[in-house]
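Where a number appears in this text, it was derived from the coordinates with a stated rule and is not lab data. This structure is a prediction, so every number in the text was calculated from the model and none was measured. Don't worry about glycine lacking a Cβ; one is built from the backbone with ideal geometry, like all the others, and counts go over all protein chains shown.
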Amino acid sequence: MEDSRILSRKVTVTINPVDKTFDVRQEDLFSIVMLPEDSLAVVDELHGILAFDNKVKNNGAIGLVVDHILFSKNDQQLDARITGHYTDPKTLGETGINLDTLSMSEFSLINFTDWNFRSPDAVLQGNYWVWPADKPVTFVLEPFENMPATFLKHRRSALTYYDHWLKK
């Protein structure tokens with residue numbers, strides 16, 4: 001989503017290039033709410049996500065298909081899992097994951113140090129994480145690990161908004 005208000009403390013992504021599937025697990029969904037209109041924007045965004053119909057595949061313009069979105073409560077936090085598939089490995093380029101177009105043998109993703117990226121399957125080569133195009137890869141991002149205190153005090157769990165939505 002463009003201009004997303006709902007963020008995730010930790011994201012674990014698994015891509016299986018053999019099956020052309022992806023699994024995104026987002027832990028501890030939250031938002032930064034500084035003004036009353038920020039809360040309204042979070043509610044609108046959550047409404048749009050919850051309106052997703054798991055029975056109808058969501059085929060995005062870039063060739064990624066979301067099969068399921070599942071929310072779950074984990075203690076006092078809200079987690080999400082998004083699963084789907086893609087038709088062509090080159091479509092992953094729209095998400096920042098690039099396929100070596102000459103050999104078609106490996107994927108790469110630029111390393112943004114602030115994302116706190118790590119992977120048991122990819123190797124950091126220079127400023128890029130690289131992994132074979134014929135094996136599944138899992139990587140973890142924790143981009144909000146060092147959030148400035150000025151924003152931290154405005155951090156609100158998405159669980160509150162989710163629970164309110166369920167009560168409607």
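Determine, for each peptide in 8-14, 150-156, 75-81, the mean count of other beta carbons within 10 angstrom over its residues, then list the peptides with the highest first.
By packing density, highest mean first, the sequence is 8-14, 75-81, 150-156.
Which residues make up the longest stretch of the chain that has no GluC sites (Glu not before Pro) in a DSSP loop with at most 16 other Cβ atoms within 10 Å?
3-144
How charged is the neighbourhood of Leu78? Take every other residue with its Cβ under 15 Å from the Cβ of Leu78, and add Lys/Arg as +1 and Asp/Glu as -1.
Neighbour charge sum, excluding Leu78 itself: +3.
Using a Cα-Cα cut-off of under 17 Å, which aspartates and glutamates could be cross-linked to Lys10, ignoring same-chain neighbours fewer than 8 residues away?
Answer for Lys10, where 17 Å is the Cα cut-off: Asp23, Glu27, Asp28, Asp75, Asp79, Asp114, Glu142, Glu145, listed by chain and number.
Would you tally the net charge around Pro132, using a Cβ to Cβ cut-off of less than 14 Å, leaving Pro132 out, and scoring K and R as +1, D and E as -1?
Details: positive: Lys135; negative: Asp100, Glu106, Asp121, Asp134.
Net of charged neighbours comes to -3.
Find the Rg to Rh ratio for the chain, where Rh is the Kirkwood radius over alpha-carbon pairs and Rg uses the same atoms. Walk me through the numbers on the way to the answer.
Values: Rg = 17.1 Å, Rh = 17.3 Å.
Rounded to two decimals, Rg/Rh equals 0.99.
In deg cm²/dmol, rounded to 500, what helix-only [θ] at 222 nm does the chain give when every DSSP H run of at least 4 residues adds -39500 (n - 2.57) and the total is split over its residues?
Taken over the chain, the calculation gives -5000 deg cm²/dmol.
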